[in-house]
Amino acid sequence: MAGYLSETDFVMVEEGFSTRDLLEELTLGASQATTGDVAAFFVADLGAVVRRHFCFLKCLPRVRPFYTVKCNSSPGVLKVLAELGLGFSCANKSLSASSHLKKPSRDSIPPPCPVPCSHLTAKRVVYTRLSACTWLFASAPASEPLLPHCHCHYSEESPLTNVPRDLQDPAEMELVQRIGIPAGKIIYANPCKQIAQIKYAAKHGVRLLSFDNELELAKVVKSHPSAKMVLHIAAEDSPSRLSFKFGASLKSCRHLLENAKRSHMEVVGVSFHVGTGCPDLQAYTQSIADARLVFEMGSELGHRMHILDLGGGFPGLEGAKVRFEEICSVINSALDLYFPEGCGVDILAELGRYYVTSAFTLAVSIIAKKEVLLDQPGREEESGSTPKTIVYHLGEGVYGIFNSVLFDNTCPTPILQKKSSMEQPLYSSSLWGPVVDGCDCIAEGLWLPQLHVGDWLVFENMGAYTVGMGSLLEGAQTCRVTYAMSRVAWEALRGQLLPAEQDEDTEGMCKPLSCGWEITDTLCVGPVFTPASIM
């Protein structure tokens, strides 16, 4: 083992126990605590991450996985993936550059300055993080635009960042280097970089950077002349809006490659991203074919092209519309056609959701409830009671852990921590976050038994873009994560070797890797390789 992860970093789950047992113990402890300050926490099954990695190696044997840090930057995840030999794809630098700025005192904050924002939706405000130091929402009828009145405070001591530092993105490059990841296994994959971020990469030895336009190239030429560049191309056949936001068109690639050559910048590869949940598998084939054309352009101009980055977009759930195995089959066929084995090209992929979605389970408590009587004439006479709907307020909402409701249009479905009996009546219910505004709705149209303040709800598959994102609520606490791993997964991780399929007693040697709820998963793959530096 490389020594990134130790047994003190997680709870060892022995045979016969599961993460559900651990979660029940933790919810019981939180309920009995006198302080009552724990409103939500995660249980992370690191064995599930190990299992997903072995599955990746089996399905894409020629591809080196790089983990997208922004997806989940929790320490346990980074350590176990480092132990598995992954590289890391980072999208920003560090917050240390602004750490010298003092947090403004309450007295030093100027009066609120009005900001016209009737054109903004809640999703847009959250996405761009327009929050300064305080959010001030004005209630309004549903017919009026969302957030019709918004004031924000700003600080003269930090004029470049209206957003509080605790709401900014986590320090990705600094974070992975802090646990010992060498710079040669880090990709700075953001095609839109601040100059300070480029200088940070140069200072700390991160040399592989992406670009998709002349201005971005010029910034790197000035601030990081020894960088190795990867040209990010648009996935032309992908329905994702990423191709509009990022990526050079095929028509502009030769000009960009020529410009890089004139600037004495070496372009070493091509990257693309079809977008998360891309339903069209042809987009992968077309993008790989386009990358082949750009490789030929670069080679003609004297660039030493040897890196193909397949980007991300791989599903994190088994029941996704397009299965991971289907995507891999298409990718492998396209690679065999356009980048056959032995061609001297290092093939990479950037995965986030794939590794962590199913590994994290969230437990969140009910902090308040309200019963609303429904005015439905005739119903009272039929049933003998007035119909009602119950509104539950949870300790987390869409401005924090449940942000996927806004960004991905997900519909989180809770699991009751306390099992209900078949005789219990069900009531129309909805789940809301702690923020007093009409947008903090987690789920509606649910039918649940009567629940109480202090009860816990469980949400599975909560590992992607929930940890390390930072809450949009000032002063919000970071949700605690308890890591767990089965002993079998730990031994597999330590040995980095599982029995190969040709072994005689493969059935007897296959062991469960994840400590799941009811059914454990097994997987047999060949030897696990550790990706070396890509530079």
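The values are calculated or read from the model by the stated rules, or taken from the named source; none is laboratory data. The model shown is predicted, which means the values in this text are computed figures rather than measured ones. Glycine gets a Cβ as well: all are built from the backbone with ideal geometry, and neighbour counts include every protein chain shown.
Some notes on this structure:
- Count - residues of segment 410-439 that are in a loop (DSSP other than H, G, I, E, B) and either within 20 Å of residue 38 (Cα to Cα) or among the hydrophobic types (A, V, I, L, M, F, W, C) (or both): 11
- Index of the failed condition, residue 348 passing every other in (1) under 20 Å from residue 188 (Cβ atoms); (2) touching a residue at least 60 places away in the same chain (Cβ under 8 Å); (3) touching a helix residue (DSSP H, G or I) at 6+ places or on another chain (Cβ under 9 Å): (3)
- When segment 182-224 is limited to residues that are touching a strand residue (DSSP E or B) at 6+ places or on another chain (Cβ under 6 Å) and part of a loop (DSSP other than H, G, I, E, B), the one that is modelled with the lowest pLDDT turns out to be 191.
- Matching residues, segment 355-376, being in contact with a Pro (Cβ under 7 Å, 6 or more places away or on another chain) and not in a loop (DSSP other than H, G, I, E, B): 367
- Pair list, Cβ under 7 Å, 6 or more apart: segment 422-442 residue more than 21 Å from residue 388 (Cα to Cα), other residue at pLDDT below 85: 435/473; 437/137; 439/122; 439/146
- So residue 215, is it farther than 20 Å from residue 307 by Cβ and hydrophobic (A, V, I, L, M, F, W, C): yes
- Helices (runs of 4 or more DSSP H) within segment 32-129 that include 3 or more residues surrounded by 14 or more Cβ atoms within 10 Å (Cβ to Cβ) and modelled with pLDDT of 95 or more: 46-59, 75-83
- Checking the stated criteria, residue 4 turns out to be in contact with a Lys or Arg (Cβ under 8 Å, 6 or more places away or on another chain) and closer than 30 Å to residue 347 by Cβ.
- Tabulated pairs, segment 22-38, first among the acidic types (Asp, Glu), second modelled with pLDDT under 90 and not in a helix (DSSP H, G or I), C-beta under 9 angstrom, 6+ apart or interchain: 24/417; 37/477
- Candidate set: segment 173-198, residues that are closer than 20 Å to residue 225 by Cα and β-branched (Val, Ile, Thr); chosen: the one surrounded by the most Cβ atoms within 10 Å (Cβ to Cβ): 186
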